[in-house]
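Structure record follows, encoded as C-alpha cells.
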Amino acid sequence: MSAIPFDLAVVGAGPAGLSAAVVAAEAGLRVVLIDAGVQTGGQYWRHPDERHLDAFAAPEHTGHHHWDHYRALRDRLRRRISDGRVDHRAGRQVWRIDPAGDGTVFALRTTAVAGLDDAAPADRAIHARRVVLAPGAYDRQLPLPGWTLPGVMAAGGVQAMLKANQVTAGRRAVVAGTGPFLLSVAAGLARAGVEVVAVCEANALSRWAATPLRAVQEPAKLLEGVGYAATFLRHRIPLHTRTIVARVAGDERARGVTIAAVDGDGRVRPGTERDLDVDLVALGWGFTPQLELVVGAGARTRVDVDGSLVAVVDRDQRTSVAGLYAAGEATGVGGAVQSCAEGELAALAAAVDSGYGIPSARARRLRRRIARGRRFAVGMHRASPVPEHWASWLHDDTLVCRCEEVTVAAVRETVVDLAADDARDVRVTARPGMGMCQGRVCGFALSCLVADRTGRPTRAADLEPLVRRPVGTPIRVADLAALADLSGVADAEAPGPTDPVAPSGLTPSDLADLAPRKERP
Ligand SMILES: Cc1cc2nc3c(=O)[nH]c(=O)nc-3n(C[C@H](O)[C@H](O)[C@H](O)COP(=O)(O)OP(=O)(O)OC[C@H]3O[C@@H](n4cnc5c(N)ncnc54)[C@H](O)[C@@H]3O)c2cc1C
C-alpha cells in the first residue's frame, strides 16, 4: 500500500481515461493510470501488441480513425511517465473502490488480469485523493434463437479481433442489429477480405431524418459514413433496413441464418424470411456502460435515452460522490471523440478541485464540445432503438442467460407465476445473471424481457441491482484470502479505517454475498 496517496487515480486507459490521465498530469497532478489492458487505447484504439508489431501483416493503425490523436496522446503519456508524473499500472483491474481514512482518500483494490499476481498484497490497494472512472462499455447483446452457437459473436468482439489481432472471425458474414457501428464492422470485415453477404439494420434509415439537426452536429461522423458507403459500393455489400436475423442455424457451429423484414415496431412480416449461408454472424445492438465501479462507489445513476444505466455527472463530470468523476461511455454511450472531451474535462475539474488554476476558457470550450456530442448521441439513440417487439423473435427455449442456461420460458414463468416484478427478483429466483459473467451479457436483455412482461418501464432502481456487487470484476480466491492478511496492514498504514468491522472495506453483508451459494436443484 502506498503510504503517500496519488493526487488522482484514473481507471481505464481508453479514449476517456487516457485523455484524463495526460491532461491531469500536465496540469500538475501526480497520477496513477490503472487499466486491465496491457497497453493503452481501450476499445476504440485497440491495436496489435506493440512489443510484437513485426509479427503483424499490416501497420498498427490499420482500420483506425483518429489515429494521429491517439499517437499524440500516447507520446504525451510516455513523457509524463518518464518524468514521474504518471504511474501506469497496466494489466491490473480495479475490483472495488472504498473511501479510506477520513474520507478524503479512496482505496482502489486491484488484481492482476492474467497470470500470478506478483504485487505484494499490501501493494494491491492504491490510494488516491480523487478518482476518474472511465471504464467504458460492454457490447449490448440480445438473445435470439441460435445465438449461443460458435460463429455468432458480438459486433464489438468481431471488431476487437480485427483491430488487435488482424484476424477475421469467419469467411462469409452477416452483420445485424442496429446503429452506425454495424457499418464500421461490415466495412472493416470487407476490407480484410471477408465476404459480407448482408448488413441487416433493424430500423429504417428515415429515423435519422427525424433528427437532422442532431445528425449534422458532427460533420466528421457524416464524412465517416460517406467512407463506409464507398466501401459498401466497392465490395457490393447489400444493406437491408428494417431487417433482422430471426434465427441462426447450425449444430456444432453457425452455418446459416434466416433473415426477415420487420415492421416499425420490430414484428416480423410473415412470408419475408430468407436463408443465407454464412459462417460468421456479428450482432450489434449498441453498448452498455460498465457501471460496477460507479454503483459500487455509491454514485448516483439514471437511465439514458437508449435504456442504459449511466452515471449522473454535473457539467464538469463530477459524480454525486465528492472527489469521484466519471467520463466516457460510463456517462452515456457517445463515441470516442466525446469520451476524449469528457476525460479532458474531468481532469481539469479534478485539477481545479485540487487547487490548481486552469484557464476557464478551456473548460468552456470542452463543455460546448460535449454538449454538441451529446446532442448527436441522443439523435443516434433515437434513430437506432432496440425495436419495441424484439422479444417476439424469441422462442420459449431460447437461452437468455448462457452461463446458467436460463430460458425465455423460465424468465416469463418467474414473472407470471411467481409475481417477480423486477429484474432483480427474477435474477435471484430463476438465476439469470448469476453465473460467471454476473449479468454483463444478459443483464440488459433480462431487464427488457421483464419490462415486456410486466408492462412497466425499466427504472434506474431496477437496473442498479444488476450491477451492484461487492466485487466489481472476477477475482481469484487468493485475492479474497489476501484480504485477511491485509487487515493488519490496512490498520497500520491507512490514515484510519472508516469501517472497523472490515478493514478490507467489505461490510458484513458484502462478505455474506461472497459466501458460496447453494445451487438450486
Ligand atoms: C468490444 C468493443 C469494441 C468497440 N469498438 C469500437 C469501434 O471499433 N469503433 C467505435 O466507434 N466504437 C467502438 N466501441 C465503443 C467504444 O467503446 C467507445 O466509443 C470508446 O472506446 C469509449 O471510450 P472509453 O474511454 O469510455 O472506454 P473504453 O475504450 O472501453 O476504455 C475503457 C478502459 O477501461 C478499462 N477498464 C474497464 N474496467 C476496468 C477495471 N475495473 N479496472 C481496470 N481497467 C478497467 C478497459 O480495459 C478499457 O481499456 C467498442 C466497444 C466495445 C465494448
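The values are calculated or read from the model by the stated rules, or taken from the named source; none is laboratory data. Just so it is clear, the structure is predicted and the values come from calculations on it, not from any experiment. FYI the Cβ positions are ideal-geometry reconstructions off the backbone, even for glycines, and counts take in every protein chain you see. For the accessible areas, the whole protein counts, side chains as well, though only heavy atoms, and no ligand, DNA or RNA atoms are used. Shrake-Rupley method; radii C 1.70, N 1.55, O 1.52, S 1.80 Å.
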message = Please verify whether L366 is within 16 Å of the ligand (Cβ to nearest atom) and either among the charged types (D, E, K, R) or touching a residue at least 24 places away in the same chain (Cβ under 8 Å) (or both), treating the condition exactly as stated.
response = yes
key: Residues of segment 290-305 satisfying the condition of being surrounded by fewer than 19 Cβ atoms within 10 Å (Cβ to Cβ) and of a type in the set (G, A, S)   = G298
task = Kindly check whether there is at least one residue in segment 2-24 that is within 11 Å of the ligand (Cβ to nearest atom), at pLDDT 95 or above, assigned by the TED database to the domain that holds A120 and surrounded by fewer than 24 Cβ atoms within 10 Å (Cβ to Cβ).
result = no
ask   = From R302, R315, which residue is more than 16 Å from the ligand (Cβ to nearest atom) and part of a strand (DSSP E or B)?
value = R302
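If I filter segment 267-274 for residues that are under 29 Å from the mean Cα position of the chain (by Cα) and among the hydroxyl-bearing types (S, T, Y), do I get at least one hit? Step through it out loud before you land on a result.
First pass over segment 267-274, keeping only residues under 29 Å from the mean Cα position of the chain (by Cα): 267.
Among the residues that remain, those that are also among the hydroxyl-bearing types (S, T, Y) are: none.
Within segment 267-274, none of the residues are under 29 Å from the mean Cα position of the chain (by Cα) and among the hydroxyl-bearing types (S, T, Y).
Can you name every one of the helices (runs of 4 or more DSSP H) wholly within segment 179-246 that holds 2 or more residues which are open to solvent by less than 30 Å² (accessible area, probe 1.4 Å)?
Values: elements: 181-191, 206-209, 212-215, 219-234.
Answer list for segment 179-246: 181-191, 219-234.
Among the candidates L280, L324, which residue alone is within 24 Å of W393 (Cα to Cα) and either more than 12 Å from the ligand (Cβ to nearest atom) or at pLDDT 95 or above (or both)? Step through it out loud before you land on a result.
Working: L324 fails: within 24 Å of W393 (Cα to Cα).
Step by step, each of L280, L324 is checked, and only L280 is within 24 Å of W393 (Cα to Cα) and either more than 12 Å from the ligand (Cβ to nearest atom) or at pLDDT 95 or above (or both).
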ask   = Does segment 248-255 include one or more residues that are open to solvent by less than 50 Å² (accessible area, probe 1.4 Å) and assigned to a strand (DSSP E or B)?
value = yes
key: Cβ-Cβ under 6 Å pairs, at least 6 apart or on other chains, segment 30-46 side within 21 Å of G335 (Cα to Cα), far side open to solvent by 40 Å² or more (accessible area, probe 1.4 Å) and part of a loop (DSSP other than H, G, I, E, B)   = A36/V113
request  = For V197, work out the one condition from (1) more than 20 Å from the chain's Cα centre (by Cα); (2) within 13 Å of the ligand (Cβ to nearest atom) it doesn't fulfil.
outcome  = (2)
query = Restricting attention to segment 473-491, which residues are of a type outside the set (K, R), surrounded by 12 or more Cβ atoms within 10 Å (Cβ to Cβ) and modelled with pLDDT of 75 or more?
reply = T473, P474, I475, D479, L480
query = Which condition number in (1) in a loop (DSSP other than H, G, I, E, B); (2) modelled with pLDDT of 85 or more; (3) not hydroxyl-bearing (S, T, Y) is the one that C448 fails?
reply = (1)
note = Checked segment 35-53 for anything open to solvent by less than 50 Å² (accessible area, probe 1.4 Å) and either within 26 Å of V226 (Cβ to Cβ) or outside any loop (DSSP other than H, G, I, E, B) (or both); matches are D35, G41, G42, W45, H47
Condition met for G443 (free of Cβ contacts under 8 Å to residues at least 60 places away in the same chain and in contact with a strand residue (DSSP E or B) (Cβ under 9 Å, 6 or more places away or on another chain)) = no
